[in-house]
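Take a look at the structure set out below.
The values are calculated or read from the model by the stated rules, or taken from the named source; none is laboratory data. Worth saying up front: this structure is predicted, and the values here are computed from it rather than measured. Note that each Cβ is placed from the backbone with ideal geometry, even for glycine, and that neighbours are counted across all protein chains shown. Accessible surface areas use protein heavy atoms only, side chains included; no ligands, DNA or RNA. Shrake-Rupley method; radii C 1.70, N 1.55, O 1.52, S 1.80 Å.
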Amino acid sequence: DRTAELVGAVLTTKNEELLAKLATEVSDLDWKYATLKAIGRFSKQCHGTSDMVLADVIHNLLTSIDVSECFTKELLGRRKPTTPAEKTMFHIRKAFGVTWLEFLKVPKSRALYLTILTSLHEGVIPKMQNPKLLCDFLVDSYNLGGTASLLALNSLFLLITDYNLDYPSFYPKLYRMCTPDLLHTPYLGRFLSMLDTFLKSPLLPGYMVAAFIKRLTRNSLTAPPHAIIQVARLTTNLLKLHPSTKRLVHRGPDHKPAREG
């Protein structure tokens with residue numbers, strides 16, 4: 001197919017001017033569909049490449065294609081497309097997911113890897129027909145530890161809450177991420193903001209939320225002042241949201257300590 005050959009040739013050159021020109025030309029629905037398929041095919045051919053620059057080039061072109069018109073509520077609410085344009089949009093939605101899955105297998109630099117993790121939950125997952133197919137990529141990222149784990153949290157949590165992904169290890173691993181070192185990282189504010197979201201649900205058992213509160217407050221004993229303030233704000237909110245955890249700070253006169261032995 002000529003489109004695949006053209007797109008493959010432009011991507012191989014890594015020429016920014018040619019890529020920018022190609023991106024501006026991809027405005028017609030048929031062109032968008034053909035270009036997405038061509039990028040997917042080219043990405044598949046690059047799975048074993050050692051040239052990580054290719055991943056940056058593919059990513060730049062892939063993210064420059066505006067497919068938002070194919071994901072309006074009106075279109076997504078229809079079971080079957082009724083016009084030729086709607087049929088093309090349906091194929092674009094399918095090609096979008098397939099192309100991203102192929103692209104994620106292309107070897108890439110750490111910087112690009114982290115950039116992708118940052119944008120998946122907003123730019124990719126809502127536009128995929130079956131976002132659960134990203135599960136392996138996100139779980140592998142979550143298991144890496146460090147920054148990759150932190151950036152994978154939003155997308156993984158989105159799959160669990162909005163797409164019914166069954167991942168029982170999410171909260172145990174999240175608990176293990178709450179280390180003393182975390183309170184000294186520049187990503188602390190982002191992590192605590194996400195943690196606040198993850199622990200807000202009234203369906204979570206009180207003992208689980210209490211475990212997070214205890215771990216965070218204990219770790220804050222050796223944390224810098226700004227981290228202590230952030231942790232105190234979060235734990236106070238959690239105590240208010242989950243009344244059963246208030247016994248951590250006040251057990252009351254009727255409390256009976258557990259017998260030893």
query: If you check every pair at least six apart or on different chains, which have Cβ atoms under 9 Å apart with a residue in the stretch 181-193 that is in a helix (DSSP H, G or I) first and a residue that is charged (D, E, K, R) second?
result: Leu192/Arg233
query: Out of the stretch 196-206, which residues are over 24 Å from the mean Cα position of the chain (by Cα) and in contact (Cβ under 8 Å) with a residue 12 or more places away in the chain?
result: Gly206
- prompt: What tally of residues in the stretch 62-84 results from selecting those that are part of a helix (DSSP H, G or I) and either surrounded by 14 or more Cβ atoms within 10 Å (Cβ to Cβ) or polar (S, T, N, Q) (or both)?
  reply: 7
- prompt: Only one residue in Asp136, Asp140, Asp166 is free of Cβ contacts under 8 Å to residues at least 60 places away in the same chain, exposed (fewer than 15 other Cβ atoms within 10 Å of the Cβ) and not in a helix (DSSP H, G or I), so which one is that?
  reply: Asp166
- prompt: When you scan the stretch 71-96, how many residues do you find that are out of contact with any Pro (no Cβ under 8 Å at 6 or more places or on another chain) and under 27 Å from Leu114 (Cα atoms)?
  reply: 5
message: Against the definition (small (Gly, Ala, Ser) and part of a helix (DSSP H, G or I)), how does Gly8 come out, yes or no?
response: yes
task: Return only the number of the condition from (1) at pLDDT 90 or above; (2) surrounded by 12 or more Cβ atoms within 10 Å (Cβ to Cβ); (3) part of a helix (DSSP H, G or I) that Leu204 does not satisfy.
output: (3)
- request: Filter the stretch 85-112 for residues that are outside any helix (DSSP H, G or I) and open to solvent by less than 60 Å² (accessible area, probe 1.4 Å) and give the result.
  value: Leu104, Val106, Pro107, Lys108, Ser109
query: How many of the residues making up the stretch 14-65 are among the small types (Gly, Ala, Ser), more than 15 Å from Glu102 (Cβ to Cβ) and touching a Pro at 6+ places or on another chain (Cβ under 9 Å)?
result: 1
- request: Enumerate the pairs (first residue in the stretch 94-123 and in contact (Cβ under 8 Å) with a residue 60 or more places away in the chain; second residue anywhere and among the basic types (Lys, Arg) and in a helix (DSSP H, G or I)) with beta-carbon separation below 7 Å, excluding pairs fewer than 6 apart on the same chain, so at least 6 apart or on different chains.
  value: Ala95/Lys37; Phe96/Lys127; Glu102/Lys44
task: Go through the residues of the stretch 36-51 one by one and say whether even a single one is touching an Asp or Glu at 6+ places or on another chain (Cβ under 6 Å) and open to solvent by 80 Å² or more (accessible area, probe 1.4 Å).
output: yes
- request: Test Ala210 against the stated conditions and say whether it is in contact with a Ser or Thr (Cβ under 6 Å, 6 or more places away or on another chain), in a helix (DSSP H, G or I) and either farther than 20 Å from Leu150 by Cα or open to solvent by 40 Å² or more (accessible area, probe 1.4 Å) (or both).
  value: yes
Boolean, Thr115 is outside any loop (DSSP other than H, G, I, E, B) and among the hydroxyl-bearing types (Ser, Thr, Tyr): yes
